[in-house]
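To keep things clear, I will list the structure first and then write my remarks on it.
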Amino acid sequence: MKSTNSVVVGVAAVAALLALGACSEATTEQAPPSPPSASTSAPAQAQAHNNVDAMFAQHMIPHHQQAIEMSDMILGKQGIDTRVIELAKQIKNAQGPEIEQMKGWLTEWGMPTTMPGMDMPGHSMPSGSMMPSGSMSPGMGAMPGMGMMSPADMDALEKAQGVAASKLYLTQMISHHQGAIDMAQNEAKNGQSQAAVDLAKSIITSQQKEIDTMKSILPTL
């Protein structure tokens, strides 16, 4: 009897193990495949850029830096029209974060965030820029087509006071903004990075509005 019972028990144990294995296999087969991680595709998307995107960021960073420096100058003066003060604050608040955004892209792309001769506001930018031929506009200060102020322009703004300072700031900033719009239009047309193209389009819209505002203020000073 003990022998028969042992056989029965043994058969039952084997059957239980086989059933457990079948369940395990079924569970494994039924488990849905894990969806591809979003982080896998993100770096590839982030790296999608071309030379126009890189040059746009490398040129626009010092361009924005100079606009902030000009705004700091005007905000540090007495007797400045309140509308000009508000505009200077608006420019600083908009362009500061944009600088950090562009620096982030360049770092992500493994490229320098500055270019020789372009890292200091008021310094000359190299010739042969990203600007398309024939896009240079007159009255753009030292850097035609890009709107950058020369060291002499910056010195004049620093020395100006009162109404004269307000007028000079607006006049210079109109040219400065137009240079930024020219660069942004080139990026919007020829860039590959969607984020950079979107920023370029935003710059075109926002800075054109500011140009219109500055042109409306000038005759009233």
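The values are calculated or read from the model by the stated rules, or taken from the named source; none is laboratory data. Bear in mind that the values here come from a model prediction, so they are computed numbers and not experimental data. When we count neighbours, we look across all protein chains shown, and the Cβ atoms used for this are built from the backbone with ideal geometry, even at glycine. Calculation scope for accessible area: heavy atoms of the full protein, side chains included, ligands and nucleic acids excluded. Shrake-Rupley method; radii C 1.70, N 1.55, O 1.52, S 1.80 Å.
Quick check on the range 130-149. Is at least one of its residues in contact with a Lys or Arg (Cβ under 8 Å, 6 or more places away or on another chain) and modelled with pLDDT of 95 or more? Working first, answer last.
Initially, the range 130-149 is screened for residues in contact with a Lys or Arg (Cβ under 8 Å, 6 or more places away or on another chain), giving none.
Among the residues of the range 130-149, not one is in contact with a Lys or Arg (Cβ under 8 Å, 6 or more places away or on another chain) and modelled with pLDDT of 95 or more, which makes the answer no.
Taking the stated definitions as given, is Gln208 under 20 Å from Ala88 (Cα atoms), surrounded by fewer than 21 Cβ atoms within 10 Å (Cβ to Cβ) and at pLDDT 95 or above? So Gln208 fits the description; yes. Would you mind stating whether Gly191 is under 14 Å from Met73 (Cβ atoms) and open to solvent by less than 60 Å² (accessible area, probe 1.4 Å)? Here the answer is no, as Gly191 does not meet what is asked.
Would you check which residues across the range 70-101 are farther than 17 Å from Gln207 by Cα and part of a helix (DSSP H, G or I) and list them? Once the filter is applied, which keeps residues that are farther than 17 Å from Gln207 by Cα and part of a helix (DSSP H, G or I), the range 70-101 yields Asp72, Met73, Ile74, Leu75, Thr82, Glu100, Gln101.
Residues that are in contact (Cβ under 8 Å) with a residue 24 or more places away in the chain and either outside any helix (DSSP H, G or I) or closer than 19 Å to Thr82 by Cβ (or both) within the range 180-218 comprise Gly191, Gln192, Ser193, Glu210, Thr213, Met214, Lys215, Ile217, Leu218, listed in sequence order.
When you scan the range 31-54, do you find a residue that is over 19 Å from the mean Cα position of the chain (by Cα), loosely packed, with under 10 Cβ neighbours inside 10 Å and either closer than 25 Å to Leu221 by Cα or at pLDDT 95 or above (or both), even just one?
So the first thing to find is which residues in the range 31-54 are over 19 Å from the mean Cα position of the chain (by Cα), and the list is 31-41.
Restricting the remaining residues to those that are loosely packed, with under 10 Cβ neighbours inside 10 Å gives 31-40.
Now drop any that are not either closer than 25 Å to Leu221 by Cα or at pLDDT 95 or above (or both), which leaves none.
No - not one qualifying residue is present in the range 31-54.
Enumerate the pairs (first residue in the range 68-79 and at positive phi; second residue anywhere and assigned to a helix (DSSP H, G or I) and open to solvent by less than 60 Å² (accessible area, probe 1.4 Å)) with beta-carbon separation below 6 Å, excluding pairs fewer than 6 apart on the same chain, so at least 6 apart or on different chains. Here the result reads Gly79/Gly162, each pair linking the range 68-79 to a residue that is assigned to a helix (DSSP H, G or I) and open to solvent by less than 60 Å² (accessible area, probe 1.4 Å).
Of everything in the range 80-91, what is surrounded by fewer than 18 Cβ atoms within 10 Å (Cβ to Cβ) and in contact (Cβ under 8 Å) with a residue 12 or more places away in the chain? Give them in sequence order. Walk me through it before giving the result.
Our first condition is that a residue be surrounded by fewer than 18 Cβ atoms within 10 Å (Cβ to Cβ); within the range 80-91, this holds for 82-83, 85-86, 89-90.
If the condition is that a residue be surrounded by fewer than 18 Cβ atoms within 10 Å (Cβ to Cβ) and in contact (Cβ under 8 Å) with a residue 12 or more places away in the chain, then Arg83, Lys89, Gln90 are the ones that fit.
For the range 157-179, state whether one or more residues are farther than 28 Å from Ile80 by Cα, open to solvent by 10 Å² or more (accessible area, probe 1.4 Å) and in a loop (DSSP other than H, G, I, E, B). Looking through the range 157-179, none of the residues is farther than 28 Å from Ile80 by Cα, open to solvent by 10 Å² or more (accessible area, probe 1.4 Å) and in a loop (DSSP other than H, G, I, E, B).
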